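All remarks here apply to the structure that follows.
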Amino acid sequence: MTDRNTLPRWTHDRVTLLGDAAHPMYPYGGNGASQAILDARGLILSFRQHGVTPQGLQAFDDLRRPASNIVVLASRQYSCDEILKVVHERAPDGFEHLSDVISSAELEAIMSNSKRVAGLHAEQLNQEPPLF
């Protein structure tokens with residue numbers, strides 16, 4: 001498993017990175033896979049607008065890299081690690097039931113924020129224009 005800092009650019013002339021090569025992150029909540037799917041969508045949209053050209057690749061980079069960088073950085077904060085951190089702080093000596101340490105509302109808030117940042121809320125996805 002690899003988590004690396006974000007890159008200042010993915011595209012170099014006729015070569016670009018996408019998926020885990022562009023934005024490796026710990027595999028929490030499917031963020032890496034979902035970002036790769038969004039990369040594919042962004043690449044299609046950029047090629048449609050600019051053609052299969054270096055300009056199309058740069059448009060893809062400009063479209064996806066900033067959004068993906070947010071997810072990479074947020075995945076460090078709004079993930080299972082965040083839940084584990086809260087639980088450890090509140091119950092360093094252990095516990096019997098998770099609900100005694102963290103409420104279902106708190107769990108939902110952490111996971112909901114993670115989905116929002118990753119662009120995985122149904123409302124956000126349904127607002128995207130179709131590819132075809």
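Values in this text are rule-based calculations from the coordinates and carry no lab data. No experiment lies behind these values; they were computed from the predicted model shown. Note: ideal-geometry Cβ built from the backbone for every residue, glycine included; neighbour counts use all protein chains shown.
How compact is segment 11-126 by the rule of thumb for globular proteins, expressed as Cα Rg over 2.2 N^0.38 Å?
Values: Rg = 17.9 Å, N = 116, 2.2 N^0.38 = 13.4 Å.
Against the compact-globule rule of thumb, the ratio is 1.33.
With a Förster radius of 30 Å, plug the Cβ-Cβ distance of HIS12 and ARG76 into 1/(1 + (r/R0)^6) and report the FRET value to the nearest 0.05.
Details: r = 26 Å, r/R0 = 0.88.
With a Förster radius of 30 Å, E is 0.70.
If you average the alpha carbon positions of segment 58-104 and of segment 10-37, how far apart do those two centres end up, in angstrom?
Using only Cα atoms to place each centre, the spacing works out to 19 Å.
Have a look at LEU107, GLN55, MET25 and report the one farthest towards the positive end of the charge dipole of the chain, computed about the Cα centre with Cβ charges (Lys/Arg +1, Asp/Glu -1).
Value: GLN55.
So, with +1 on the Cβ of K and R and -1 on the Cβ of D and E, and no other charges, what is the size of the charge dipole of segment 66-119 about its Cα centre, to the nearest 20 debye?
On the way: 5 positive and 8 negative charges, 79 e Å.
In debye, rounded to 20, segment 66-119 gives about 380.
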